[in-house]
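I have a structure I would like to understand better, so I am pasting it below and will then ask my questions one at a time.
The values are calculated or read from the model by the stated rules, or taken from the named source; none is laboratory data. Since this is a predicted model, take the numbers as computed values, not measurements. Here the Cβ positions follow ideal geometry from the backbone for every residue, glycine too, while neighbour counts run over all protein chains shown. Side chains included, ligands, DNA and RNA excluded: accessible areas come from the protein's heavy atoms. Shrake-Rupley method; radii C 1.70, N 1.55, O 1.52, S 1.80 Å.
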Amino acid sequence: MRGRFLKSTGGRFSLVTFGTFHAVFYSFVRSASPKDSRLITPEQRRALLTHLLSEVKIDSRCGDLTSLIDAAALAISLLRIRGSDSAMENSSYRLAASHFPDPDIPDKIRKGYEAWMADHGYIDFDDIALRCESLCRTRVGFLESLRSQYRYILVDEFQDISPTQYRILRMMAETGERNFFVVGDDDQAIYSFRGASPESCRQFLTDFPDAKRILLHVNYRCSQPILEAADLVIRENRNRFEKKTAAHRLGGNKPSILSCSSEAEEVRLIAGILRCRPLEALKNSAVILRNRILVNRFGEALSAAGIPVRQDTHAPDRDRMEVLQLVDSYFTCALLMKESSPRLPRSHFYRMMNMPERYLTRAGIPAEGVSFPLLEDIYRDRPAMVHTIHILQQDLITLSRLKPLLAIRYLRLSIGIEPSLCDGKDERRKAKILAALDEMESLGAKAGSLREFLRVAAQNFTQYSSGSEQSDGVRLCTMHAAKGLEFSTVILPDLGEGVIPCRQASSQEDIEEERRLLYVAMTRAREELFLLYVRGGRNNPQRPSRFLRPLGVDAEYL
């Protein structure tokens, strides 16, 4: 935006400040307290959250570690922005908290997080706005300095602003010339998990009643039938600014609403829609889903059907990660055994102790790690279990003496991790696991030692845990990630109750945000829009989303 502005004005206004809320407010905070404003890096934050999860006895054996870290980060952010009572009423918070066995865990993590940040002098993105607001209210001359420096304020995407961010801007603009210009659409307020609310739009008009309203009523993206369908959906929300919009592009096809008996039929229909299209048309098409789990599932299914896909959620390859993590844990423990370490790291031991199944439990294992004498003492009254522990100990000693290639084969065939990893998986996932084990053997053949192998395998782990995206194919993304994008063809599968609105959406506020989310997804389409839902069967009836009622899906809903 800054580049376009300078180009259009011939560079005459180079002192105008452009930036995100975080960048601009951070510059304010840094100017006031440069020694106490170190911003924590994403790597530091991830490491801290991993440590705090282990402190409350949560690790990757309780679920995918990346998902647990993301859930913890979201939960503590909402607790800090909204406060405890308000956060717990939010559907995003409830979804994040559902990852943990104890509802008190997110708040315990928050307290540990805040204590560590304070002890080490760090702040994060949430702190930036909170600290900036505090400086405006308490630091003499701070607010007056901002007001004199910034006489004109323009905010884009105003519906995404948090209450704290709004309060800062209001303080800056509420005296003097009151030059406050905002651009936003309350129908696109979908980021409550970041603290945003459409209430900011209504509060603005209350605080600045003399503001002039300008309605941008022409939609230049969607064809007329798509815009009409989206308007029918969003008009059901009564707590919004009434507005009449018109499509610049008249004509076009009405959205197709497809009822399916199962998710497998959804995939077949979507594959049929996309299969005959040239690659260039696929690149301008998107399958948009409610959450990341569905993106992963549909991405795998469409790939298996021969449709090239791009997944921009950077979803990790969980099957390969499981293989890499298990091999890493076995080899790490084997090396420690070779070095006569008195204890094995608890996280590594948890991951491998029942792969294959040995019926070991976590009871009695201390935080500082695992020793075999301790295990034998725990199971001293069960001779069969003591024998199992002796075998595991001997297996680790054997692994420590083998070259990497032979060690991988020993893991697969003698210890038996291969059948354990494949147990309960479908054929497609089994094939991925076997391919990952073959890849481990290939890496092992090139490594001179277990330690060298672990270094190379760590690089592969980074690749699979961060995910990747192809450059060609149909785009798969979540509804939140689709905001701001547009495509010639948009396909919205799995529009059912419990998906959208999601199960965690219990309050009217949550329901309306889910409705806005569907509206945003529908209005990503320029020319074609397909809406799919699963009706289920006699033994597994399912209901289409209530948001489809205005589009004529009443009969099957009941």
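Return, ordered by residue number, the residues of the range 102-142 whose backbone nitrogen is under 19 Å from a label point located 7 Å along Cα→Cβ of residue 31.
What the label zone holds, given the 19 Å backbone N cut-off, is 128-142.
Can you work out the FRET efficiency for the pair residue 361 and residue 397, with r the C-beta to C-beta distance and R0 = 30 Å, to the nearest 0.05?
My answer for the efficiency is 0.80.
Among 264, 405, 226, flag the residue with its Cα farthest along the positive direction of the charge dipole of the chain, charges on Cβ as +1 for Lys/Arg and -1 for Asp/Glu.
Positive-most Cα among the choices belongs to 226.
With a cut-off of at most 15 other beta carbons within 10 Å, and DSSP calling the residue loop, which trypsin sites (Lys or Arg not before Pro) in the range 499-537 qualify? Please list them.
Sparse-neighbourhood loop trypsin sites (Lys or Arg not before Pro): 503.
How about the range 133-190: which GluC sites (Glu not before Pro) there lie in a loop by DSSP and see at most 15 other Cβ atoms within 10 Å?
Sites meeting the loop and neighbour criteria: 174, 177.
Additional query: Counting other Cβ atoms within 10 Å, keep those with at most 11, restrict to DSSP loop, and tell me which GluC sites (Glu not before Pro) in the range 327-423 are left.
Here the GluC sites (Glu not before Pro) that fit, given the DSSP loop and packing criteria, are 339, 357, 368.
Something else about it: In nm, what is the difference between 0.36 nm times the number of residues separating residue 456 and residue 6 and their Cα-Cα distance?
The span from residue 456 to residue 6 would gain 157.3 nm if fully extended.
Another question, if that's okay. Quickly work out the residue 372-to-residue 125 label distance, labels modelled 7 Å from Cα along the C-beta direction, and quote it in nm with one decimal.
Each label point is offset 7 Å from its Cα along the Cβ direction, giving 4.8 nm.
Roughly how many nanometres apart are two label points built 7 Å out from the Cα toward the Cβ at residue 441 and residue 85?
6.3 nm
Let me ask something else about it. What do you get for the angle between helix 163-173 and the principal long axis of the chain? Use alpha-carbon atoms, 0 to 90 degrees, nearest ten.
It is inclined by approximately 40 degrees.
If you don't mind, there's one more thing I want to ask. What figure in square angstrom, to the nearest 10, would you give for the accessible area of residue 533 with a 1.4 Å probe?
Around 10 Å² of this residue is reachable by solvent.
Moving to a separate point now. Could you do me a favour and compute the accessible area per residue for the range 158-225, 1.4 Å probe, result in Å²?
Per-residue value: 48 Å².
Let me check against my output: what whole-number percent is the relative contact order of the chain, with C-alpha pairs under 8 Å and at least 6 apart?
Normalised by residue count, the contact order of the chain is 18 percent.
Ok, one more. Note the full-extension length gain between residue 175 and residue 41 as 0.36 nm times their separation in residues minus their Cα-Cα distance, in nm to one decimal.
44.6 nm
How high is the FRET efficiency from residue 220 to residue 420, r the C-beta distance, R0 60 Å, rounded to 0.05?
0.60
Going by Cα centres, the range 158-222 and the range 439-457 are how many Å apart?
Answer, in whole Å: 55.
Work from the charge dipole of the range 170-249 (Cβ charges, +1 for Lys and Arg, -1 for Asp and Glu, about the Cα centre) and give the residue of 248, 176, 196 farthest towards its positive end.
Working it through, the farthest residue towards the positive pole turns out to be 248.
Now for a separate question. Using Cα atoms only, what is the angle between the long axis of helix 450-466 and the major principal axis of the chain, expressed in degrees (0 to 90) to the nearest 10?
So the helix axis and the longest Cα principal axis differ by about 30 degrees.
Here's another thing I want to ask about it. For helix 427-446, report the angle its Cα long axis makes with the longest principal axis of the Cα atoms of the chain; keep it between 0 and 90° and round to the nearest 10°.
Approximately 60 degrees, to the nearest ten.
Setting aside same-chain residues fewer than 8 positions from residue 338, which lysines have a Cα under 21 Å from its Cα?
By straight Cα distance, residue 338 reaches 403.
Taking the Cα centre of the chain as the origin and placing charges on Cβ (Lys, Arg +1; Asp, Glu -1), which of 27, 387, 158 is farthest toward the positive end of the dipole?
The residue sitting farthest along the positive end of the dipole is 27.
Could you check the spin-label model distance between residue 154 and residue 244? Points 7 Å from the Cα along Cα→Cβ, value in nm.
Those two pseudo-labels are separated by 2.9 nm.
Note down the accessible area of residue 155, probe 1.4 Å, to the nearest 10 Å².
Answer for residue 155: close to 10 Å² accessible.
So between residue 549 and residue 303, what do we pick up on full extension, going 0.36 nm a residue minus the alpha carbon distance?
85.4 nm
While we're here: With every protein chain kept in the model, how would you rank 153, 433 by accessible area, 1.4 Å probe, largest at the top?
The ranking, largest first, comes out as 153, 433.
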